[in-house]
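Take a look at the structure set out below.
The values are calculated or read from the model by the stated rules, or taken from the named source; none is laboratory data. Model, not experiment: these values are computed from the prediction. Note that we place each Cβ from the backbone using ideal geometry, even for glycine, and neighbour counts take in every protein chain shown.
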Amino acid sequence: MKKNINSKLMSFLFLVAVLVVWKAVVTIFNTPTHILPPPEDILFKFIELVKNSVLQKNFMATLEEIAIGFSSGAVIGMVLGYVLAKIEILEKALSPYILIFQTAPKISLAPLFVLWFGLGILSKVVLIALVTLFPVMINMILGVRSTEKNYYNLMKVLKASRLQIMFKLELMNSMPYLMTGLRVALVLSITAAVIGEMMGSRAGLGFLLILGNEMYDITLLLTVITVISLLSFFLDIGMKKLQEKLLFWHESAVK
């Protein structure tokens, strides 16, 4: 408990130090605001965007894309991962293609998806689902394959059904691997959403970044970047808390 408090205090003090240094640099060197605005300008811009409901509208657009794309990619990844883990010959046949798609820069597909699916939400959802799918699928395969044979023998002795073996043994054993894949995929999904919006969209945090760039508004850019960073931070904390709740029984549970 004491270590946890100390780490949070250190994180807070580091943030304060960064803001103090930032303010000092701007003041001492008299940096123009169009190059580097003082930190309080970021706060004022944030308040302005909230008052005009601009931030809420674009924030919710990005959050909706992440929610749909991430959940879709996660479900597809889990299903494919389980199937490939159980059918080894199929996994070996598809492994070269999985490797190619996994190592390929999927973000580079964003302009193509915009051309195929338009400026709406669909192009972003497809991109997010794609970047989510692979880490979830691969960790699902590892999780199912790591199930010990002794446990299968025990389930047979207990006359467990196929569904009971799948849900109570294989999926439970896969949870530590799966949660790791989901945490990685969640961070990637945020990046994919923003990149997809920057390639072409009518709303979203990525859209605000493009708007700030076109207007040469460095304050807007830094404000949106801060919001994106906070979104990533809090979503990861939420996933970490979920991991703690679901894996309370496992030695890998985060304390």
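Assess whether GLU65 counts as being in contact (Cβ under 8 Å) with a residue 40 or more places away in the chain, assigned to a helix (DSSP H, G or I), closer than 18 Å to ILE190 by Cβ and not hydrophobic (A, V, I, L, M, F, W, C).
Numbers: in contact (Cβ under 8 Å) with a residue 40 or more places away in the chain: yes; assigned to a helix (DSSP H, G or I): yes; closer than 18 Å to ILE190 by Cβ: yes; not hydrophobic (A, V, I, L, M, F, W, C): yes.
Yes, satisfied.
Note down all Cβ pairs under 6 Å where the first residue falls in region 235-253 and is assigned to a helix (DSSP H, G or I), the second is at pLDDT 85 or above and among the polar types (S, T, N, Q), and they're at least six residues apart or on different chains.
none
When SER7 is evaluated against the numbered criteria (1) out of contact with any Ser or Thr (no Cβ under 9 Å at 6 or more places or on another chain); (2) in contact (Cβ under 8 Å) with a residue 12 or more places away in the chain, which criterion, by number, is the only one it fails?
Against the list (1) out of contact with any Ser or Thr (no Cβ under 9 Å at 6 or more places or on another chain); (2) in contact (Cβ under 8 Å) with a residue 12 or more places away in the chain, SER7 comes up short only on (2).
Name the residues in region 64-96 that are over 17 Å from SER123 (Cβ atoms) and touching a Lys or Arg at 6+ places or on another chain (Cβ under 8 Å), would you?
Within region 64-96, just ALA85 meets the criteria.
Looking at region 208-234, I want the residues that are outside the structural domain of VAL194 (by TED's automatic domain parsing) and have a partner that is aliphatic (A, V, I, L, M) with Cβ atoms under 9 Å, at least 6 apart or on another chain. Which pairs are those?
none
Which one of these is in the same structural domain as PHE70 (by TED's automatic domain parsing), assigned to a helix (DSSP H, G or I) and not polar (S, T, N, Q): LEU154, LEU119?
Numbers: LEU119 fails: assigned to a helix (DSSP H, G or I).
Being in the same structural domain as PHE70 (by TED's automatic domain parsing), assigned to a helix (DSSP H, G or I) and not polar (S, T, N, Q) holds for just one of LEU154, LEU119, which is LEU154.
Looking only at region 86-96, decide whether some residue is part of a helix (DSSP H, G or I) and in contact (Cβ under 8 Å) with a residue 40 or more places away in the chain. Working first, answer last.
As a first pass, look at region 86-96 and keep what is part of a helix (DSSP H, G or I): 86, 88-96.
Subsequent filtering for residues that are in contact (Cβ under 8 Å) with a residue 40 or more places away in the chain retains 86, 91.
Yes: one or more hits.
Can you tell me which residues in region 2-21 are at pLDDT below 80 and among the hydroxyl-bearing types (Ser, Thr, Tyr)?
If the condition is that a residue be at pLDDT below 80 and among the hydroxyl-bearing types (Ser, Thr, Tyr), then SER7 is the only one that fits.
Kindly establish whether PRO32 is outside any helix (DSSP H, G or I) and either assigned by TED's automatic domain parsing to the domain that holds TYR216 or over 30 Å from ILE121 (Cα atoms) (or both).
On the way: outside any helix (DSSP H, G or I): yes; either assigned by TED's automatic domain parsing to the domain that holds TYR216 or over 30 Å from ILE121 (Cα atoms) (or both): yes.
Against the criterion (outside any helix (DSSP H, G or I) and either assigned by TED's automatic domain parsing to the domain that holds TYR216 or over 30 Å from ILE121 (Cα atoms) (or both)), PRO32 qualifies.
All but one of (1) at pLDDT below 95; (2) aliphatic (A, V, I, L, M); (3) touching a helix residue (DSSP H, G or I) at 6+ places or on another chain (Cβ under 7 Å) hold for ILE66; which doesn't?
ILE66 satisfies every listed condition except (1).
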